[in-house]
Structures are given as structure tokens and as C-alpha cells.
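Read the structure below first, then the notes.
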């Protein structure tokens with residue numbers, strides 16, 4: 001395969017990706033978002049956190065040691081940090097670190 005063909009494919013994929021990201025901003029830049037969109041913007045971090053919690057807890061073995069303690073502690077850390085700092089990225093990152101520490105070193 002020629003390198004120019006490969007580079008051309010990469011450039012076309014890059015432009016297509018960029019176009020799909022920029023077109024909505026160009027089309028809707030002077031419009032006020034609807035109340036539904038404002039609601040989604042306000043609550044999206046919490047919605048993502050809820051989905052992540054349910055996904056993380058779906059395969060926990062509650063009936064055998066350590067009875068999901070690492071997961072419960074990780075979720076509590078995430079909730080506590082999110083309530084305190086209102087920063088989803090910080091909450092997810094620190095809670096993941098706490099969970100990984102618990103399953104690697106404690107349980």
C-alpha cells in the first residue's frame with residue numbers, strides 16, 4: 001500500500017471527524033438552548049456517575065468474601081467527593097484509585 005494513499009485516508013477521516021464536531025456549533029451558535037438541553041447540561045455528570053456505579057456493581061459477588069466491600073467503599077468515596085467538590089472527574093479518579101488500592105492491597 002502506498003504511503004500517499006494511507007495519508008490521504010487519514011486526512012479524509014480527520015476532516016470528516018472534525019466536520020461532524022464543528023457543524024452543530026456553526027448551525028446553532030446564535031440560538032438559545034432549549035430547557036431540555038439546559039437540563040441535560042446541568043445533570044449530565046450525575047447521570048454519567050449513576051451509569052458508572054450501576055455498571056461497576058453489576059458483577060459483584062455479594063455472597064462471597066469480601067462481600068463487595070471494596071466496591072461499596074469506592075462508591076462511598078465517589079459520592080462523598082462529588083457532594084463535597086462537585087467535580088465529576090476528581091470524584092471518578094480518586095474513587096478509582098481508592099478501589100484499585102483496596103482490591104490490590106487490602107482484599
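Every read-out reported here was derived from the displayed coordinates using simple, explicitly stated rules and does not represent laboratory data. Remember, predicted model here, so these are calculated numbers, not experimental data. Neighbour counts run over all protein chains shown; Cβ positions are idealised from the backbone, glycine included.
A few remarks follow.
- Nearest 10 degrees, 0 to 90: helix 35-57 Cα axis against the chain principal axis: 50
- Here the peptides 32-42, 70-80 are ranked by packing, the mean other Cβ count within 10 Å, and the order with the highest first is 70-80, 32-42.
- Remark: C-alpha extents of the chain on the principal axes read 55, 48, 23 Å, sorted largest to smallest.
- Net length gained if the chain between residue 16 and residue 32 were fully extended (0.36 nm per residue, minus Cα distance): 3.1 nm
- Cα long-axis angle, helix 3-27 against the chain (0 to 90 degrees, to the nearest 10): 80
- Computed over the chain, relative contact order equals 19 percent, with contacts defined as Cα pairs under 8 Å that lie 6+ residues apart.
- Here the extension length gained between residue 69 and residue 83 equals 3.0 nm, from 0.36 nm per residue of separation less the Cα-Cα distance.
- Stretched out straight at 0.36 nm per residue, the stretch from residue 107 to residue 51 would grow longer than its current Cα-Cα span by 17.7 nm.
- The order of the peptides 45-57, 92-104 by mean Cβ neighbours within 10 Å, most packed first, is 92-104, 45-57.
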